[in-house]
Structure formats: structure tokens, C-alpha cells
Amino acid sequence: MNVVIQSALLPTYARADVTFVAGEGCRLTDSDGKRYLDFASGIAVVGLGHLHPAPLAAAQAQLQRLWHVSNLYWSEPTVALSELLSERFGGAQSFFCNSGAEAIEAAIKYARKATGKPGIVALDDSFHGRTIGALSATGQPKKREAFAPLLDVTFVPANDTEALEGVLGETIGLVLLEPVQGEGGVLPLKPGFVGAAAELATAHGALLCFDEVQTGVGRTGTFFCFEQLGVRPQLVTLAKGLANGLPIGALLVADEAAGAFVPGDHASTFGGNPVTCAAACAVVSAIDDELLANVRARSAQITARLPGSRGAGLLIGVELDRPAAPVVDSCLAAGLLVTSAGENVLRLTPPLVVSEDEVVEALAILAEVLA
Ligand SMILES: *Cc1c(COP(=O)(O)O)cnc(C)c1O
């Protein structure tokens with residue numbers, strides 16, 4: 001093979017030709033000193049903005065006290081985070097890991113152990129991560145093809161209650177849904193479908209898991225997106241925004257579905273790391289009514305100005321009449337970070353703290369690029 005090596009990193013990403021060296025709030029600075037407005041947030045991760053003082057102070061204080069002891073012992077920030085999340089959920093136990101995909105792996109194992117049924121139903125165009133288990137539940141053939149054979153997962157179209165009902169039964173132990181399909185194109189599920197999915201899952205002895213890795217932690221205008229759907233799932237996965245940029249994932253198990261895991265069933269050396277959990281506690285505490293109101297107000301401000309936009313809160317997709325990738329590149333050159341989700345969909349995921357003026361500035365850049 002004739003391969004030109006350009007970097008000592010495996011080339012799993014098509015990286016833009018820019019190196020960022022500093023950030024504050026919704027602003028980034030690159031290695032040439034050029035400034036950018038960040039409407040990507042590290043893929044819906046840096047919800048409180050770069051260098052937010054609350055998680056920064058919490059992580060710094062913990063860094064100077066204790067970094068790691070493992071889950072063979074108790075750590076105060078780990079326990080505190082589980083209590084904060086239980087309070088937000090209304091009664092749940094947490095398993096902490098280090099990424100969204102790991103949280104999905106935990107959900108897959110939990111559902112198997114709890115129901116005794118190995119089958120999984122997920123949706124076409126879903127995204128649940130890149131490990132073999134999470135990839136198996138990802139309904140995008142292009143991402144899967146080269147890695148077969150995967151776990152046996154049944155896919156049904158989003159919002160198709162009849163199709164879902166048709167595949168549930170003896171073998172399905174897990175129904176896995178993103179309340180808003182993020183990577184698949186920013187497609188919100190219909191509340192009617194979600195309600196039916198919850199009832200059908202219960203009727204057929206399966207657990208319903210909402211993958212809120214992208215939609216959770218205030219991103220859609222409520223702490224969990226499912227709060228807007230009138231449904232209470234048994235399982236929820238969180239990750240991206242939970243520690244404002246430090247690596248973390250979580251599986252929440254509702255108290256009514258508790259008891260399946262016992263010591264030895266699942267583990268993670270780094271999961272529940274004290275520094276990460278201290279930062280996450282500060283993040284969860286910062287997601288208050290005022291911040292959530294800002295998410296909804298800025299969302300309305302953006303969608304009113306962008307015909308063809310959809311999503312929830314500050315997870316916004318804009319269906320373009322052209323491929324999104326060149327638009328993403330042009331925005332970057334013009335000083336605005338955005339991402340794409342699928343071929344023709346531009347994705348805006350600014351920090352939840354974004355101001356009215358910053359939205360005006362971003363929309364002006366976007367209008368110029370699209371003109
Ligand atoms: C990003 C994402 C994942 C995977 O998270 P990683 O931290 O990249 O493993 C899983 N599910 C959803 C909905 C996501 O958006």
C-alpha cells in the first residue's frame with residue numbers, strides 16, 4: 001500500500017485544518033490568534049461554555065486533593081453526582097463510565113440481565129456510538145458495513161408504531177431510542193410514538209432506554225429531553241454535556257427497574273473518577289431554571305430566523321438545499337464553528353449559556369455563508 005503518513009494519529013477523523021489553543025465562554029482562539037464563535041461546543045459537550053468557573057473550580061479543587069482510587073472504595077464526588085442525578089430523574093441509580101458508547105454498553109448488558117432477553121430494537125438512522133455493541137445498535141449501514149458481524153439488532157423506522165409492535169415479543173429485552181436523533185440528522189421523535197413505545201415495551205417485558213447522550217443535561221431546554229415527552233423510561237444514558245468536556249458517561253436505572261446488576265456484573269476502572277465527577281456535580285447544579293429558560297429563548301431566536309430548522313432547545317438541525325460539509329468549512333473560515341448531521345443537515349449546538357448578541361452574530365455569519 002502506498003500510504004502518505006501525515007500525523008502520528010490514526011486517521012479516523014477528517015480534521016479541519018485548524019488547531020485551537022484557548023477558549024472562553026462561546027469563543028475559541030486558534031494557534032494563529034484568530035477568534036471564533038463556537039456553535040459546535042465540541043459536539044454538544046461544552047454546555048456551560050469554555051472554562052466555565054463552576055466546573056473549573058470544582059475540578060481544580062479535586063485535582064489538588066485526590067485524583068483516583070478506583071471503585072473498590074467510595075469517593076465523595078462520585079456519590080454526590082449519583083445523588084444529584086437521582087434527584088433530577090426522580091429516583092434512579094447510576095453507573096459511571098467514560099463515554100457515551102460505554103453508557104450504551106452498560107444499558108445493553110443491564111437490559112439482558114434484567115429481562116433475560118438478548119434482543120434489541122433500535123431505529124433506522126440512529127446513532128449510539130462506535131464500540132461493537134453500540135455500533136450494533138446504530139442504524140446507519142455505512143458506519144456498520146466494514147465491521148460485520150455485529151450483535152443481532154432489529155431496526156424499525158422512526159415514528160412507526162406498527163413496525164415497532166411487529167418486532168417486539170419473546171426475544172426483545174431492550175428498546176433503545178434517541179428522543180431527538182442527533183447524528184442521524186436532528187430528527188425529533190413524535191411524542192405519540194414515544195408514548196406508544198413505552199407502553200409496548202412494558203407490555204412485552206422489555207426495558208425502554210432513552211439515549212440522552214446528546215439530548216440530556218439541559219441541551220433541549222429541560223434537564224432530560226424525555227421530560228417534554230410525557231414518558232418515564234426505565235433506563236437513560238448520559239455523556240456528552242455531563243462534565244462540560246471532561247470524559248464521562250452514565251447509565252441511570254430508574255428505581256422501579258433496579259436490582260439486576262450485582263457486584264461483579266459490570267465495571268470500569270476510570271468510571272466515577274473523582275475529578276470528573278466533581279466537575280459534573282458543578283455542571284448539574286448549574287443547569288437551573290434560568291439557564292433552561294435561556295436555552296428555550298435562544299432556540300426560539302434561532303429557529304425563527306432559519307426556515308427549515310428543527311430539533312429541540314439548542315440541538316438544532318437546518319435542512320439545506322446543498323451538502324452541509326462545504327457550508328461547515330465556509331462558516332469556519334468566516335469565524336463560526338458549526339457541525340453537520342447527515343449529508344444536507346447543518347447542526348447548531350452552541351453552549352447553553354449563549355447570549356442573544358452571540359446568536360445575532362452567528363446568524364449573520366451563517367446568512368452571509370448561505371447567500
Ligand atoms: C455521541 C453519541 C454517542 C456516543 O458517545 P461517545 O462518547 O462518542 O462514545 C451515543 N449516543 C448518542 C445519542 C450520541 O450523540
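A few notes on this one:
- Complete set of residues in region 166-216 that are within 27 Å of residue 43 (Cα to Cα) and charged (D, E, K, R): 178, 183, 190, 211, 212
- Selection status of residue 231, touching a Ser or Thr at 6+ places or on another chain (Cβ under 6 Å) and either farther than 21 Å from residue 115 by Cβ or in a loop (DSSP other than H, G, I, E, B) (or both): no
- Restricting attention to region 28-70, the residues that are buried (at least 17 other Cβ atoms within 10 Å of the Cβ), over 15 Å from residue 282 (Cβ atoms), away from the ligand (no atom under 16 Å from the Cβ) and not hydrophobic (A, V, I, L, M, F, W, C) total 2.
- Looking only at residues in region 247-256 that are more than 12 Å from the ligand (Cβ to nearest atom) and surrounded by fewer than 24 Cβ atoms within 10 Å (Cβ to Cβ), the one that is nearest to residue 217 (Cα to Cα) is 254.
- Test set (1) touching a residue at least 60 places away in the same chain (Cβ under 8 Å); (2) closer than 21 Å to residue 80 by Cβ; (3) under 18 Å from the mean Cα position of the chain (by Cα) - residue 258 fails condition number: (3)
- Region 171-187: number of residues that are more than 19 Å from residue 238 (Cβ to Cβ), of a type outside the set (A, V, I, L, M) and free of Cβ contacts under 8 Å to residues at least 60 places away in the same chain: 1
- When residue 88 is tested against the conditions (1) loosely packed, with under 13 Cβ neighbours inside 10 Å; (2) part of a helix (DSSP H, G or I); (3) among the basic types (Lys, Arg), the lone failure is (1).
- Whichever residue in region 1-48 is without any contact (Cβ under 8 Å) to a residue 60 or more places away in the chain and among the aromatic types (Phe, Trp, Tyr) and, among such residues, is farthest from residue 181 (Cα to Cα): 20
- Of residues in region 318-371 being of a type in the set (Ser, Thr, Tyr) and surrounded by 18 or more Cβ atoms within 10 Å (Cβ to Cβ), the one nearest to the chain's Cα centre (by Cα): 349
- Residues (more than 16 Å from the ligand (Cβ to nearest atom) and either farther than 22 Å from residue 114 by Cα or surrounded by fewer than 24 Cβ atoms within 10 Å (Cβ to Cβ) (or both)) located in region 202-222: 202, 203, 204, 205, 221, 222
- Unique residue being more than 24 Å from residue 272 (Cα to Cα), of a type in the set (A, V, I, L, M, F, W, C), away from the ligand (no atom under 14 Å from the Cβ) and surrounded by 23 or more Cβ atoms within 10 Å (Cβ to Cβ) when the list is 186, 167, 231, 175: 175
- Near pairs, Cβ below 7 angstrom, 6+ apart or cross-chain, from region 201-229 (closer than 15 Å to residue 92 by Cα and touching a residue at least 60 places away in the same chain (Cβ under 8 Å)) to any residue that is within 11 Å of the ligand (Cβ to nearest atom) and of a type in the set (Val, Ile, Thr): 209/237
Bear in mind these aren't lab numbers, they're just calculated from the coordinates by the rules spelled out. Because the structure is a prediction, the values reported are computed rather than measured. In this analysis, Cβ positions are derived from the backbone assuming ideal geometry, glycine residues included, and neighbour counts consider all displayed protein chains.
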